[in-house]
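In what follows, a single structure is set out as structure tokens and then discussed.
All of the numbers you see were taken from the coordinates with simple rules; none came from a lab. Given the structure is predicted, the values throughout are model-derived calculations rather than measurements. No Cβ is skipped: glycine too gets one built from the backbone with ideal geometry, and neighbour counts run over all protein chains shown.
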Amino acid sequence: MNWLLLVGSLAGVLGLAVAAHLLGLGHDARIADDDHARRLAEEAHCGFAAVDAIVDRSGYAALLRDAGDRHLLIRAHGNHFVARIVEAPFYGRLDRRTLTLSFPERTFGPVTLDLGDEAASWASGLRRAGGMRDA
């Protein structure tokens, strides 16, 4: 009888694992490249046509810019992505190769992007667009 319980329990766990896999639960949400970031931006904000994009080295966040010099920030949230138009007021801190953005409302949370050598130019672009305050 104990063997039947053990086999039944293992089958149940295996069934749940298969169901979770089929539903796409538990996968690691990362932004693969600039094209993937552009598709996510279009899905998040209809009509946002990015002319420039950069993906964080870890793939958990991306920063995009459109022709109107608006910026869009995308970050992983669980196994999905959330996006926010970066508009005044927001706070930014450049630290060598990383750029940290935070917003007055705490629901989005601060985001630190490892942009490598491009971090300074993206920070400069955000300052030109207006609204960035030093954190």
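Structural remarks
- Test for residue 48: is it among the aromatic types (Phe, Trp, Tyr), outside any helix (DSSP H, G or I) and under 14 Å from the mean Cα position of the chain (by Cα): no
- Strands (runs of 3 or more DSSP E) within the range 53-135 that include 1 or more residues within 17 Å of the chain's Cα centre (by Cα): 61-66, 71-77, 80-86, 90-95, 98-102, 111-114
- Residue in the range 91-113 that is farther than 21 Å from residue 134 by Cβ and touching a residue at least 12 places away in the same chain (Cβ under 8 Å) present: no
- Taken as a whole, the range 12-24 holds no residue that is part of a loop (DSSP other than H, G, I, E, B), buried (at least 17 other Cβ atoms within 10 Å of the Cβ) and touching a residue at least 40 places away in the same chain (Cβ under 8 Å).
- So residue 113, is it surrounded by 15 or more Cβ atoms within 10 Å (Cβ to Cβ) and more than 30 Å from residue 23 (Cβ to Cβ): no
- Residues in the range 32-66 that are among the β-branched types (Val, Ile, Thr) and farther than 18 Å from residue 111 by Cβ: 1 in all.
- Selected residue (criterion: nearest to the chain's Cα centre (by Cα)) from residues of the range 29-43 that are among the aliphatic types (A, V, I, L, M) and surrounded by fewer than 16 Cβ atoms within 10 Å (Cβ to Cβ): 29
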